[in-house]
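Engineer: I am attaching a structure below and will ask some questions about it afterwards.
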Amino acid sequence: MSQTTATTPTPGVSLTHRQIMTVLSGLLLGMFLAALDQMIVSSAMKTIADQLHGQTLQAWATTAYLITATITTPLYGKLSDIYGRKPMYLAAISLFLAGSLLSGIATSMYELAAFRAVQGLGAGGLMSLAFAIMADIISPRERSKYSAYFMAVFGSASVLGPVIGGLFAGLDTFFGITGWRWVFLVNVPIALLALFVVGRVLNIPHQRVNHRIDFGGAIALTVGLVPLLIVAEQGREWGWASATAITMYAVGVLGLLAFVWVENRMGDEALLPIRMFRNHTFALGNTINFVLGIGMFGGMVSIPLYLQIVKGVSPTVAGLMLLPMTFGIMSATATAGRITSKTGRYKIFPIIGAGLMALALFLFSTIGTDTPNWLVMVYMFVMGAGLGQCMQTLLLAIQNDAEPRDMGVATASATFFRQIGGTVGTAVFLSILFSTVGDKIASGLKAAMQTEAFTTALRANPEFAKSLQGGSGVDINNTEFLNHLDPVLARPFLDGFSSAIDTVFMTGGIVMVVAFVLVWFLREKPLSTRSGLERVADAEAIAV
């Protein structure tokens, strides 16, 4: 341990605001890296999928990232308890950097999915470790104030990400490299800066906890999750009751049963110690996190697709149109943080937040091809206001009720279950979208064929008419043709996509109603005024 300096806190001593902000600068840069990537890729994915000819395969690229990020999240929590937060945070940034470079040279959607999986290996530690470090140095009562900084970074990434992603996606080339590839390559300088800053400023005391690494649990969890997520994405092609799908179900269930068995045997050394689920706040809070992840990612994936495919806006404009959601997240988080810090009360915020998210998704389920953009943006603000009241508050509740020795695992668990929900939500909702859109387009075309306007437009576009012979006959893996098609001919396709996306939003709304009901049962425990490091020092003093 290096000599204690003005920026290196002393164990058992409360940190000054300046010390906290110094450490915070490194954490925020790492979080910005992860948050920016999610937003950039989200707004550019339609263009990337079109250029790699894999619109219906885009779930692979998103799901692969979420799978590896989800599985490694609890590992980072355990490893950071052993080796310290700083080396694991640097390792997470380095893996994310490697994955970004590889994703920038992908030549197919399957390659991109593999390289995004490498990115996910790093992303699993970026956010969870940042929150664990904050729990180490700031008390739960004060932590709610600093959460505004995290949301400011998240909000900035929410604003910049879609705009930058849209800008690169709209360029044919930039410095001689295909425009969309910069969606990933832009991470490289940010990651290098993050490595430098974190290496310099992230100096906090580390009390080594000698854990065994639960590799058996990690393998069992992988065996359990991957087959279930694959069948969620591919079930519409295989058939939900096909032999392949049933095999995947069986392997997944066996993997999850093996995971529970391994965790029981590992005791306190487990990735997710079973004893922690006896804690009401931990068990219920993470159940809500799981459900929240499903609803949240369902909305996040579907909104950009609606804006770009149905409304026909560019990726850049789609990014700018997401600003109301960002403003809703930031304003709601800041308000909830100030009130929580002042009163010590927090339960009301996830109740209101889950209710607003459910309302927003139900409102989204009513939008159509002709819905005015301003109304869609109002719904986005409602969604953001709900999300901003849920994420930080649920994490705060779980951390507040966790023992100091479990802080890394408890913090990682909140991210873990939310990402599990997000992975399930992304795979299932995109599966719902692309399994229903074909039939809806076919029905729309059949009805349109009976109108004079459509048949007249069809005669004026013989090549398109030829592609429709014998069925829809149009490849929806690349939707760029809609941008140049006669509006009369494009209408059945736009209505079909809009209707399919409405189905996704309705499903997400129902999921969020479940979260709204569950959060009423969360017990509100008074927020501690002692940080993780102070609580460790207190325990050691009592032991002596």
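The values are calculated or read from the model by the stated rules, or taken from the named source; none is laboratory data. This structure is a prediction, so every number in the text was calculated from the model and none was measured. Glycine also receives a Cβ, built like all others from the backbone with ideal geometry; neighbour counts cover every protein chain displayed.
Engineer: Is at least one residue of segment 275-283 surrounded by fewer than 23 Cβ atoms within 10 Å (Cβ to Cβ), over 27 Å from Glu237 (Cβ atoms) and either aliphatic (A, V, I, L, M) or in contact with a His (Cβ under 9 Å, 6 or more places away or on another chain) (or both)?
Structural biologist: Checking segment 275-283: at least one residue is surrounded by fewer than 23 Cβ atoms within 10 Å (Cβ to Cβ), over 27 Å from Glu237 (Cβ atoms) and either aliphatic (A, V, I, L, M) or in contact with a His (Cβ under 9 Å, 6 or more places away or on another chain) (or both).
Engineer: Now a separate question. In segment 94-135, how many are of a type in the set (Val, Ile, Thr) and within 17 Å of the chain's Cα centre (by Cα)? Reasoning before the result, please.
Structural biologist: Kept after step one, since they are of a type in the set (Val, Ile, Thr), are these residues of segment 94-135: 105, 107, 118, 133.
Add one more test, that the residue is within 17 Å of the chain's Cα centre (by Cα), and what stays is 118.
Matching residues across segment 94-135 total 1.
Engineer: A further question follows. Report those helices (runs of 4 or more DSSP H) wholly inside segment 214-331 carrying at least 2 residues which are under 30 Å from Met407 (Cβ atoms) and either of a type outside the set (Asp, Glu) or touching a residue at least 24 places away in the same chain (Cβ under 8 Å) (or both).
Structural biologist: Fully inside segment 214-331 and qualifying: 215-238, 243-266, 280-305.
Engineer: Among the residues of segment 328-376, what is the count of those that are surrounded by fewer than 16 Cβ atoms within 10 Å (Cβ to Cβ) and under 30 Å from Ala490 (Cβ atoms)?
Structural biologist: 7
Table: residues versus (1) surrounded by 22 or more Cβ atoms within 10 Å (Cβ to Cβ); (2) hydroxyl-bearing (Ser, Thr, Tyr).
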residue	(1), (2)
Thr22	no, yes
Ser25	no, yes
Ala35	yes, no
Ala69	yes, no
Thr73	yes, yes
Gly99	yes, no
Gly104	no, no
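Engineer: Within segment 151-190, can you find the residues that are among the aromatic types (Phe, Trp, Tyr), in a helix (DSSP H, G or I) and modelled with pLDDT of 75 or more? Full working, then the answer.
Structural biologist: The first filter runs over segment 151-190 and keeps only residues among the aromatic types (Phe, Trp, Tyr), leaving 154, 168, 174-175, 180, 182, 184.
With in a helix (DSSP H, G or I) added as a condition, the list becomes 154, 168, 180, 182, 184.
Selection gives Phe168, Trp180, Trp182, Phe184.
Engineer: Quick one: Gln419 ticks every box in (1) of a type outside the set (Phe, Trp, Tyr); (2) modelled with pLDDT of 80 or more; (3) buried (at least 21 other Cβ atoms within 10 Å of the Cβ) bar one, so which box is it?
Structural biologist: Checking Gln419 against (1) of a type outside the set (Phe, Trp, Tyr); (2) modelled with pLDDT of 80 or more; (3) buried (at least 21 other Cβ atoms within 10 Å of the Cβ), the one that fails is (2).
Engineer: Scan Met391, Met357 and give me the residue that is under 22 Å from Ser128 (Cα atoms) and among the aliphatic types (A, V, I, L, M).
Structural biologist: Every option except Met391 fails the conditions.
Engineer: Under 8 Å between Cβ atoms, at least 6 apart or on separate chains: pull out the pairs that start in segment 439-455 with a residue that is part of a helix (DSSP H, G or I) and end on any residue that is modelled with pLDDT of 85 or more and of a type in the set (S, T, N, Q).
Structural biologist: Lys440/Ser499
Engineer: Please state which one of Tyr379, Tyr346 is more than 30 Å from Ala49 (Cα to Cα) and either part of a helix (DSSP H, G or I) or in contact with a helix residue (DSSP H, G or I) (Cβ under 7 Å, 6 or more places away or on another chain) (or both).
Structural biologist: Answer to the selection: Tyr346.
Engineer: Of the residues that sit in segment 118-141 and are of a type in the set (Val, Ile, Thr) and in a helix (DSSP H, G or I), which one is surrounded by the most Cβ atoms within 10 Å (Cβ to Cβ)? Break it down stepwise before answering.
Structural biologist: Within segment 118-141, the first condition is being of a type in the set (Val, Ile, Thr), and the residues that meet it are 118, 133, 137-138.
Imposing the further condition that a residue be in a helix (DSSP H, G or I) reduces the set to 118, 133, 137.
Numbers: Val118: 21, Ile133: 25, Ile137: 23.
Looking at residues that are of a type in the set (Val, Ile, Thr) and in a helix (DSSP H, G or I), I get Ile133.
Engineer: Can you tell me which of Leu482, Leu430 is surrounded by fewer than 21 Cβ atoms within 10 Å (Cβ to Cβ), closer than 30 Å to Met296 by Cα and at pLDDT below 80?
Structural biologist: Leu482
Engineer: With respect to Ser80, is the statement that it is closer than 17 Å to Gly30 by Cα and of a type in the set (Gly, Ala, Ser) true?
Structural biologist: In short, yes.
Engineer: If Leu363 satisfies every condition in (1) outside any helix (DSSP H, G or I); (2) modelled with pLDDT of 90 or more; (3) aliphatic (A, V, I, L, M) but one, which is the exception?
Structural biologist: (1)
Engineer: On to the next question. Being over 29 Å from Phe327 (Cβ atoms) and touching a helix residue (DSSP H, G or I) at 6+ places or on another chain (Cβ under 8 Å) narrows it down to one residue among Gly422, Gly444; which is it? Let's see the steps before the verdict.
Structural biologist: Working: Gly422 fails: over 29 Å from Phe327 (Cβ atoms).
Answer to the check: Gly444.
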